[in-house]
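Report on the following structure.
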Amino acid sequence: MGVSRVVVHIERLVLRGVASGAEKAIAAGLQRELQRLLASPAGCGHWARAAEAARLRLGPLPPAAATSPFALGVHAARGIDHALRSQTRGKRDG
């Protein structure tokens, strides 16, 4: 049976070095990209296996993320996806 619903709760998003007033556009990019990533069966599956991630550190984002606050949110979502994929690979292999 496949996963029918995934709920993502981000309690706190720490953004260092971001221009004041960019928060809403960053959040919009983050939300839209997370929705896109979770829409695929593969994406939804590894997120469901991750269960709860207490903390994810993404590290620096690529220069392309600096093109706009929205793009920064998109790249942050991709970093979250990558971190969760790495986390679930470790659980599955270990």
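Points to keep in mind about this one:
- Phi angles across the range 27-33 convert, under the Karplus curve 6.51 cos²θ - 1.76 cosθ + 1.60 with θ = phi - 60°, into 3J(HN,Hα) values of 4, 5, x, 4, 4, 4, 6 Hz, Gly and Pro given as x.
- Per-peptide average of other Cβ atoms within 10 Å, ordering 59-68, 22-31, 74-83 highest first: 74-83, 22-31, 59-68
- Sorting the segments 35-41, 11-17 by their residues' average number of neighbouring beta-carbon atoms within 10 angstrom, most packed first, yields 35-41, 11-17.
Read-outs: derived from the displayed coordinates by stated rules, not from any lab. None of the values given here were measured: they were computed from a predicted structure. Please note: Cβ atoms are built from the backbone with ideal geometry, for glycine as well, and neighbour counts cover all protein chains shown.
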